[in-house]
Amino acid sequence: MITLTGLPIVRAEAASAWQALRQDMRRQGLAFEYARFLEAGELHGALHWHFAQKGDYIPQTWLSSHAEKAGLGRVVDIRATYGAGPAWYMTKYITKGQVQTPEHWRKVSFSRAWPRVVPRERSLDWVLVRPPPEGV
């Protein structure tokens, strides 16, 4: 799980900074697929990204220095999670109340190879399931 805290307010600048950091990761040979969640801080409204990441572990010092160089701030958090941790973390940000974000920002985004959920066909019909007769 990763948090990048120093997002530029202008969406195009944030996108450019993210692209620069991703290029640094690729040059370093780091595997990195993600689900990304935008949040505005409750106290000051500062924008930051939370990531569920699949791939190589990135040392915090490396991530901090390269995020700062890219324009995403040097205060980053990265930690390995196990078990229900990633699911809990992602659910927390997906289900949070309406995020006050600037226009044209996405609350949730994914890398191309992040596993996709296949939509199920929805039905409003109820199905009555009866238990089998006794003795069967």
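The values are calculated or read from the model by the stated rules, or taken from the named source; none is laboratory data. Just so we're clear, the structure is a prediction, and the values are computed from it rather than from any experiment. Cβ atoms come from the backbone with ideal geometry, glycine included; neighbour counts cover every protein chain shown. To get the accessible areas, we keep the full protein, side chains included, count just its heavy atoms, and leave off ligands, DNA and RNA. Shrake-Rupley method; radii C 1.70, N 1.55, O 1.52, S 1.80 Å.
Worth pointing out:
- 3J(HN,Hα) along region 65-82, derived from phi through the Karplus expression 6.51 cos²θ - 1.76 cosθ + 1.60 where θ = phi - 60°, amounts to 5, 6, 5, 5, 4, 7, x, 10, x, 9, 8, 10, 10, 9, 8, 6, 10, 9 Hz, with x in place of Gly and Pro.
- HIS66, HIS44, HIS104, HIS50, ranked by accessible area, largest first (probe 1.4 Å): HIS44, HIS104, HIS66, HIS50
- Applied to region 104-113, the Karplus parametrisation 6.51 cos²θ - 1.76 cosθ + 1.60 on θ = phi - 60° returns per-residue 3J(HN,Hα) values of 6, 8, 8, 6, 10, 8, 9, 6, 4, 8 Hz, with x for Gly and Pro.
- Take ASP77: with every protein chain present and a 1.4 Å probe, its accessible area is about 60 Å².
- For region 32-116, the square roots of the Cα gyration tensor eigenvalues, ordered a ≥ b ≥ c, give a/c of at least 1.5 with a/b no greater than b/c, which places it in the oblate category.
- C-alpha center-to-center spacing [region 58-80, region 25-44] in angstrom: 10
- In sequence order, region 6-19 has phi-based couplings of x, 5, x, 6, 7, 4, 4, 5, 5, 5, 5, 5, 4, 4 Hz under the Karplus curve 6.51 cos²θ - 1.76 cosθ + 1.60, θ = phi - 60°, and Gly or Pro positions carry x.
- Annotation: amide H of ALA31 within the under-5 Å range of ASP56, sequence separation 5 or more or interchain, hydrogens built in the peptide plane.
- Candidate cross-link partners of LYS107 among the lysines, defined by an alpha-carbon separation under 22 Å and a same-chain spacing of 8 or more, comprise LYS54, LYS92, LYS96.
- Loop-located chymotrypsin sites (Phe, Trp or Tyr not before Pro) across region 1-98 with a Cβ neighbour count of 15 or fewer within 10 Å are TYR57, TYR82, with loop assigned by DSSP.
- Cut-off under 5 Å, modelled amide H: who pairs with ALA46 long-range: GLY41
- Neighbourhood net charge (10 Å Cβ-Cβ; Lys/Arg +1, Asp/Glu -1) for LEU30: +1
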